Structures are given as structure tokens and as C-alpha cells.
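Computed from the coordinates by the stated procedures, all read-outs in this text should not be read as laboratory data. These figures come from a predicted structure and were not determined experimentally. In this analysis, Cβ positions are derived from the backbone assuming ideal geometry, glycine residues included, and neighbour counts consider all displayed protein chains.
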Amino acid sequence: MAISETRVAQIGIVVENPDSVEKLNALLHEYGEHIIGRMGIPYHKRGISIISVVLDAPMNVISGLSGKIGMLDGVTASAVYSKLN
């Protein structure tokens, strides 16, 4: 796949239900070939975790992963795309 067929994007994830973490990690592992990096920040004061995942993938892969993550119980996800192809 040519670089121009992919986009760089960041998926911002907020986890409010710790019971969904195992399913979230399984999804991220499934899409691992597209992930450039990830960073997780536990926010103990609020009892949540904030995760940033950066990908280089086709748009349908990015939106598919973001949608699957957002369907997990107590998890919110939003994707931001680079303007460069």
C-alpha cells in the first residue's frame, strides 16, 4: 500500500469503565500494524484513563477502529485526521 493511500490520525480515547480495558486492548492489538504509537494517562482523581493512539492507515481503517472503540461500554473515542495525504 502506498503512503499516499493512508492518512495520519490520532484517536483520543476516554475510558470511564475499567471493565472495558481488556476489550480495548484487544482492538488495539488487532490494529497494531497501523499504530505508530500510543500514550495512556490514568487520571485517578476522576477515575478515568485518557489514551492517545496515533495511526498511519487508510481512512476506513481509522474510522472503523474509532467506531469499534466508541461502541465499548463506558468508552468514548474521537478521531482527528492530518490534512496531508
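Please work out how much length the chain gains when fully extended from HIS44 to THR76, using 0.36 nm per residue of separation minus the C-alpha to C-alpha distance, in nm with one decimal.
Details: separation 32, 0.36 × 32 = 11.52 nm, distance 1.75 nm.
Result: 9.8 nm gained on full extension.
For region 1-54, the list of trypsin sites (Lys or Arg not before Pro) that fall in a loop by DSSP and count at most 16 other C-beta atoms within 10 angstrom reads LYS45, ARG46. Listed by chain and number, the lysines placed with their C-alpha closer than 24 angstrom to that of LYS23 are LYS45, LYS68; residues fewer than eight positions away on the same chain are left out. Hey, could you grab the Kirkwood Rh for region 25-77? Inverse mean 1/r over distinct alpha carbon pairs, Å, one decimal. With all distinct Cα pairs of region 25-77 included, I get 11.9 Å.
I'd like the orientation of helix 21-30 relative to the chain: the angle between its Cα long axis and the longest Cα principal axis, in ° from 0 to 90, rounded to 10. Rounded to the nearest ten degrees, it is 10. Relative to the longest principal axis of the Cα atoms of the chain, the long axis of helix 59-70 lies at roughly 10 degrees. A DSSP coil position with no more than 16 other Cβ atoms inside 10 Å describes the following GluC sites (Glu not before Pro) in region 4-85: GLU16. Across region 1-55, Cα pairs under 8 Å and at least six residues apart give a relative contact order of 48 percent.
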